[in-house]
Amino acid sequence: MPLDRSAAAPVSLLRLIWRSYLTSALVPVFFIELALIAAYFITNSVIREQNITTQQRLATEQLQYIAHQQAEHISSQLASVASNVDLLRRHAERAFVTPFVPDAEESSRYALSLEGALHTTHGLPGRAALIYSKPSRISESERTKALQFAQLDPLLQSLVETQPLVTQAYVDTADHLTRFYPYREYEDVIAASGPGYDFSIYSYYYEADATHNPERKVVWTDVHVDTAGQGWMVSATAPIYPGSGDRMEGVAGLDVTIDRLTNQVLQLHFPWNGYGMLVGKDGTILALTTQGERDWKLKELSDYSYHEPIRQDTFKPDTFNLLKREDGRALGQQLASAQQGLETVTLAGRSKQVAWSTVKSTDWKLLVVVDEADIFAEAYELNRRVLRVGLGMIAGLILFYALFFGWLYQKVRRMSGLLAEPLLDLESMMQRIGQGEYTQPRPTYPIIELQRTGEGLVQMGQHMGQSNASLQQARTDLEQLNLKLEERIQHRTRELEMANAALNQENTAKQGLIQELQRTQNQLIQSEKLASLAHLTSGIAHELKNPLNLINNLSEASIELSQELGRTLRERPQVLLSEVQDIIMDFMRNAAIVHQHGVRADHIIRSMMEHAQGRTGALEPTDVKPLLEHYLTLTYAVERARSPRLEVTFVREFDPTVGKVQAMPQQLGRVLQNLIHNAMDAVSMKQRQSTHDYVPTITLRTCREGGNVVLQVEDNGPGIPKDLHSRIFEPFFTTKPPGGGNTGLGLSLSYDIVKLHGGNLTVESELGQYTRFTVSLPACDTPQVVTAG
């Protein structure tokens, strides 16, 4: 579609050239540059995402490897501690049964407290402390047994000083004797645990008994407060069964404080500024570094203020249990279900990668926690560098285009000036030509196209001068033609006025003709009505004339018979009784025929009365199935009373979803009764004529076809010839044999009733096979009652 230049606002030549440069050259180049920069950023984004994905995969593998390696390392350290506990247990079992006499210096270290407890009074290099507290006074034999455990002091000292993790080694017996290293004053221990405390209520003792440890292996406790005043710790303990007996006489154990466990085990170098933590089997955080304290908002428990004696097990609070924390429950459940794995959690508002592996010797979990931002720091830094390079490219591009546009604008101004001066001269020349100065001097311009335009403009002025002279002459001739045309128009106007008057007269005549046609049409309609009435009256007269003729003829015959009988009786009194009886039988036959035709005339009159009855009434939603069943039962009962030997098989094919129709139930019932009655007559007739096994069958069927409900009555009677199908609904037409009161009005009446309901009644038949009448009525989907006119 060509551009409508007349609607566009005019622009200067400078702006036009500048816009042309921009749209044809500079803007495409600019967009190409933008596309290249966009491709640069998109490529960088794809590479960055791929780099992050690769780093994440490598970091995941490395974190899981580190967690596994460090767990193996911690497992070996703790296994070494457990092995030493087992060694101490074996020596303690021998100490129970091996007599030992300590030197005088060792013997001098023991005394009885005011409470009756035997304890060491002071420490010596390489010697352990002992406290033997019983409810009863300690006997000499018990004192001797207590001194026997002095032979364990070199081993206790060696275990503490050679194991970096071990803080304290001890042997506790069932009768409340404890020997431990390093040495602590009796008063300090009693202040922490209280006098006469019972070992069996503490986890480091009862977790080693036969109930909790039937295998008699080394077991690790949860984090608890040491009853000897060493603060928070975990213990590795083993039961003592002297002489391989069945009675546990005590436990041997090594204590590891949380502070030492944290310093020795978790002060490992993890990449990406990560940190480690130990979690127990029940989800309790056993050891946590300072970095982890910030993430989990906890303060690791190492020291304990013994304001009062420890009377029962004291474990870490629930805030240290992952399964009881909102931010750690999911992680705790993963730890409980998997030996090793990787999980992403949010701690202190930051996303963390947590890898874990199982410390096999204790079933603890070593967790390595790394901030995701630290993992991807290098990738993010590379992305920032690339972004800075891209922004620099954009800034350089903007600066380049700013300078280039400035230079180009100056060039466009010079070019527009070179074009504008000749154009202004051409504009002045056109104005002069427009004012009637058709002869103009030949211009001289430096641009060939403008020079040609100027020369063409000069020639155009000359041609316009010549054309103007010709135009003046043509104007004169046109004025003369206008005068002649006006005269012709006036003459034609008078002719049209006359034709219009004639046309008005013709229209008036046509209106009269139309009125005459309407009167003729009304007369034709009335004549048609009278003809229909005459046809109906003729049919009625014809149908009534036959029985009346028979009645008259038989009446005359009966009169003649009666006269003959009277004459015979007068002339021949001796007439035989048999002759009289023959005459009486003739009377009876005549009377029967008269009765038969009288009944037929009565039926005709009754049918005509039904035709004449009012066909208006209330249409209401009607269920066709019960209506069919009712009139089937009624009609069949009447027919059986008339023909007791009649046996008919009824087939019901009812659609349960067919719905209802708007109908007058009594009128629709009359239709169904007529159809069922005709079907029974048909099968009865065929049964009388049949010479082989014949089963009279009538099928009643309902179904839905679009917006109509269809009712069908089908019989397997003799059928109706095809040439009679078109007449089957005519008044007084019947296919039944004469007699029997058949008037030929039943189907005609039914057809009219169905049409009154807005439906249709059709017939299908095959001679000797079947006849099917189909009633189609509009379906009713609402219970509203309407009135048929």
Evaluation of Thr344 against (1) part of a helix (DSSP H, G or I); (2) closer than 30 Å to Glu72 by Cα; (3) not aliphatic (A, V, I, L, M) (one fails), failing number: (1)
Here are the criteria: (1) surrounded by 17 or more Cβ atoms within 10 Å (Cβ to Cβ); (2) in contact (Cβ under 8 Å) with a residue 60 or more places away in the chain. Tell me which single one Ser80 does not satisfy. (1)
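Listed here are the residues, each with its yes/no results for (1) outside any helix (DSSP H, G or I); (2) closer than 30 Å to Arg19 by Cβ; (3) more than 60 Å from the chain's Cα centre (by Cα).
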position: Ser428; (1), (2), (3): no, yes, yes
position: Gly436; (1), (2), (3): yes, no, yes
position: Pro441; (1), (2), (3): yes, no, yes
position: Glu449; (1), (2), (3): no, yes, yes
position: Thr453; (1), (2), (3): no, yes, yes
position: Gln472; (1), (2), (3): no, no, yes
position: Leu503; (1), (2), (3): no, no, yes
Mind checking which pairs have a first residue in segment 124-142 that is loosely packed, with under 10 Cβ neighbours inside 10 Å and a second that is modelled with pLDDT under 90 and in a loop (DSSP other than H, G, I, E, B), Cβ under 9 Å, 6 or more apart or different chains? Pro135/Gly116; Pro135/His176; Pro135/Gly196; Ser136/Gly116; Arg137/Gly116
Could you say whether any residue in segment 404-420 is assigned to a helix (DSSP H, G or I), out of contact with any strand residue (DSSP E or B) (no Cβ under 6 Å at 6 or more places or on another chain) and within 30 Å of Ile42 (Cβ to Cβ)? yes
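Find the residue count for segment 694-709, including only residues that are part of a strand (DSSP E or B) and either closer than 26 Å to Tyr636 by Cβ or in contact with a Leu (Cβ under 7 Å, 6 or more places away or on another chain) (or both). Please lay out each step first, then the result.
Filtering segment 694-709 for residues part of a strand (DSSP E or B) gives 697-705, 708-709.
Next cut, either closer than 26 Å to Tyr636 by Cβ or in contact with a Leu (Cβ under 7 Å, 6 or more places away or on another chain) (or both) only: 697-703, 708-709.
Within segment 694-709, residues that are part of a strand (DSSP E or B) and either closer than 26 Å to Tyr636 by Cβ or in contact with a Leu (Cβ under 7 Å, 6 or more places away or on another chain) (or both) number 9.
Met664: touching a Pro at 6+ places or on another chain (Cβ under 9 Å) and either over 23 Å from Glu620 (Cβ atoms) or at pLDDT 80 or above (or both), yes or no? Spell out the reasoning first.
Numbers: touching a Pro at 6+ places or on another chain (Cβ under 9 Å): no; either over 23 Å from Glu620 (Cβ atoms) or at pLDDT 80 or above (or both): yes.
So Met664 does not fit the description; no.
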Condition first: outside any strand (DSSP E or B), within 27 Å of Leu646 (Cα to Cα), at pLDDT 75 or above and among the hydroxyl-bearing types (Ser, Thr, Tyr). Can you find one or more residues in segment 745-768 that meet it? yes
Would you check which residues across segment 365-376 are without any contact (Cβ under 8 Å) to a residue 60 or more places away in the chain and not charged (D, E, K, R) and list them? Ala373
Just to be sure I understand the filter: pairs with C-beta atoms under 9 Å, separated by 6 or more residues or on different chains, first member in segment 397-426 and of a type in the set (Val, Ile, Thr), second member surrounded by 15 or more Cβ atoms within 10 Å (Cβ to Cβ) and at pLDDT below 75. Which pairs pass? Val412/Leu14; Val412/Ile17; Val412/Trp18; Val412/Tyr21
If Gln77 passes every condition in (1) assigned to a helix (DSSP H, G or I); (2) of a type outside the set (Ser, Thr, Tyr); (3) within 23 Å of Tyr241 (Cβ to Cβ) but one, which one does it miss? (3)
Taking the stated definitions as given, is Pro99 without any contact (Cβ under 8 Å) to a residue 60 or more places away in the chain, over 22 Å from Ser235 (Cα atoms) and of a type outside the set (Ser, Thr, Tyr)? yes
If you go through Pro309, Pro271, the only one that is surrounded by fewer than 20 Cβ atoms within 10 Å (Cβ to Cβ) and either modelled with pLDDT under 75 or over 21 Å from Leu366 (Cβ atoms) (or both) is Pro309
Could you check, for segment 423-432, whether at least one of its residues is modelled with pLDDT under 75 and hydroxyl-bearing (Ser, Thr, Tyr)? no
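Can you find a residue in segment 404-415 that is within 39 Å of the chain's Cα centre (by Cα) and hydroxyl-bearing (Ser, Thr, Tyr)? Write out each step before concluding.
Of all residues in segment 404-415, those within 39 Å of the chain's Cα centre (by Cα) come to none.
For segment 404-415, residues within 39 Å of the chain's Cα centre (by Cα) and hydroxyl-bearing (Ser, Thr, Tyr): absent.
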Among helices (runs of 4 or more DSSP H) entirely within segment 85-171, at least 2 residues that are hydroxyl-bearing (Ser, Thr, Tyr) occur in 140-148, 153-162
Are any residues in segment 725-740 at pLDDT 75 or above and assigned to a loop (DSSP other than H, G, I, E, B), and if so, which ones? Ile728, Phe729, Glu730
How many residues are at pLDDT below 85, over 16 Å from Asp371 (Cα atoms) and buried (at least 17 other Cβ atoms within 10 Å of the Cβ) if we restrict to segment 335-360? 2
Search segment 46-77 for residues being without any contact (Cβ under 8 Å) to a residue 60 or more places away in the chain and under 17 Å from Gly390 (Cα atoms), and hand back the single one that is surrounded by the fewest Cβ atoms within 10 Å (Cβ to Cβ). Val46
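Could you tell me whether any residue of segment 89-103 is farther than 25 Å from Ala355 by Cα, among the acidic types (Asp, Glu) and touching a strand residue (DSSP E or B) at 6+ places or on another chain (Cβ under 6 Å)? Quick ask: steps written out before the conclusion?
First, pick out the residues of segment 89-103 that are farther than 25 Å from Ala355 by Cα: 89-103.
When the remaining residues are screened for being among the acidic types (Asp, Glu), the result is 93, 103.
From what is left, the residues that are touching a strand residue (DSSP E or B) at 6+ places or on another chain (Cβ under 6 Å) are 93.
Checking segment 89-103: at least one residue is farther than 25 Å from Ala355 by Cα, among the acidic types (Asp, Glu) and touching a strand residue (DSSP E or B) at 6+ places or on another chain (Cβ under 6 Å).
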Any residue in segment 109-118 that is touching a Ser or Thr at 6+ places or on another chain (Cβ under 6 Å) and without any contact (Cβ under 8 Å) to a residue 12 or more places away in the chain? yes
Could you count how many residues in segment 77-133 are under 60 Å from the mean Cα position of the chain (by Cα) and not hydrophobic (A, V, I, L, M, F, W, C)? 1
Go through segment 145-165 and give me each residue that's in contact (Cβ under 8 Å) with a residue 12 or more places away in the chain and surrounded by fewer than 16 Cβ atoms within 10 Å (Cβ to Cβ). Pro154, Pro164
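Just need a number here: residues in segment 179-200 that are in contact with a helix residue (DSSP H, G or I) (Cβ under 7 Å, 6 or more places away or on another chain), within 17 Å of Ala146 (Cβ to Cβ) and modelled with pLDDT of 90 or more.
To start, the set of residues in segment 179-200 that are in contact with a helix residue (DSSP H, G or I) (Cβ under 7 Å, 6 or more places away or on another chain) comprises 179, 181-182, 199-200.
Of the ones still in play, those that are also within 17 Å of Ala146 (Cβ to Cβ) are 179, 181, 199.
Still in the running and modelled with pLDDT of 90 or more: 179, 181.
Matching residues across segment 179-200 total 2.
Conditions tested, residue by residue: (1) in contact (Cβ under 8 Å) with a residue 12 or more places away in the chain; (2) exposed (fewer than 10 other Cβ atoms within 10 Å of the Cβ).
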{"site": "Tyr445", "(1), (2)": "yes, no"}
{"site": "Arg452", "(1), (2)": "no, no"}
{"site": "Leu457", "(1), (2)": "yes, no"}
{"site": "Gly461", "(1), (2)": "yes, no"}
{"site": "Ser467", "(1), (2)": "no, no"}
{"site": "Glu479", "(1), (2)": "no, yes"}
{"site": "Glu516", "(1), (2)": "no, no"}
Can you pull out the residues in segment 633-680 that are among the β-branched types (Val, Ile, Thr) and under 16 Å from Thr697 (Cβ atoms)? Thr635, Val648, Thr649, Val651, Ile676
Name every residue in segment 670-682 that is more than 12 Å from Val638 (Cβ to Cβ) and within 60 Å of the chain's Cα centre (by Cα), in order of residue number. Arg670, Val671, Leu672, Asn674, Leu675, Asn678, Ala679
Pairs where the first residue, in segment 429-442, is surrounded by 12 or more Cβ atoms within 10 Å (Cβ to Cβ) and the second is not in a helix (DSSP H, G or I), C-beta under 7 Å, 6+ apart: Met429/Gln440; Arg432/Gln440; Ile433/Gln440
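The values are calculated or read from the model by the stated rules, or taken from the named source; none is laboratory data. Source: prediction; values computed, not measured. Positions of Cβ are backbone-derived with ideal geometry, glycine not excepted, and every protein chain shown enters the neighbour counts.
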